[in-house]
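Heads up, the thing below is written out as structure tokens.
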Amino acid sequence: MSDPTFQQMIDQAVEKAIKKYTKELEQAALDRERLYSIPELARYSGFSEVTIRKWINHANLPAFQVGKEYRVHLNVFLTWLEGYRVKNRDRIEELLDKRR
């Protein structure tokens, strides 16, 4: 058996990278559908557990209550959070000017 050609080595490397990337995408899709506990969501998002609880109780963040625990779909959380994205930089400047 002869040594693989340079092209074969490139093809193998590309195939391996595609398989790895596909697996990561599939896992990311599964993670977005999974129900996260508040501590898990806090670790993922960087927001405090207290803040997330407040959002559930007072800001209509959709959640499931299982016993005393809340669970939130990651994709629902990200969609809900997107509604608070700052969209207009001029509006921010206007608000900051009013504070001065």
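Restricting attention to the stretch 22-57, and to residues there that are part of a loop (DSSP other than H, G, I, E, B) and either modelled with pLDDT under 80 or not hydroxyl-bearing (Ser, Thr, Tyr) (or both), which single residue is nearest to Glu69 (Cα to Cα)? Step through it out loud before you land on a result.
Here is the first cut: in the stretch 22-57, the ones part of a loop (DSSP other than H, G, I, E, B) are 34, 46-48.
Filter once more, keeping what is either modelled with pLDDT under 80 or not hydroxyl-bearing (Ser, Thr, Tyr) (or both): 34, 46-47.
Values: Arg34: 15, Gly46: 19, Phe47: 17 Å.
Result: Arg34.
The set of residues in the stretch 64-100 being assigned to a loop (DSSP other than H, G, I, E, B) and either more than 14 Å from Leu35 (Cβ to Cβ) or at pLDDT 95 or above (or both) consists of Lys68, Gly83, Tyr84, Arg85, Val86, Lys87, Asn88, Arg100.
Restricting to the stretch 52-91, name every residue that is surrounded by 14 or more Cβ atoms within 10 Å (Cβ to Cβ) and more than 20 Å from Gln27 (Cβ to Cβ).
If the condition is that a residue be surrounded by 14 or more Cβ atoms within 10 Å (Cβ to Cβ) and more than 20 Å from Gln27 (Cβ to Cβ), then Ile52, Arg53, Trp55, Ile56, Leu61, Ala63, Tyr70, Trp80 are the ones that fit.
The values are calculated or read from the model by the stated rules, or taken from the named source; none is laboratory data. A quick note: this is a predicted structure, and the numbers were derived from the prediction, not measured. Note that each Cβ is placed from the backbone with ideal geometry, even for glycine, and that neighbours are counted across all protein chains shown.
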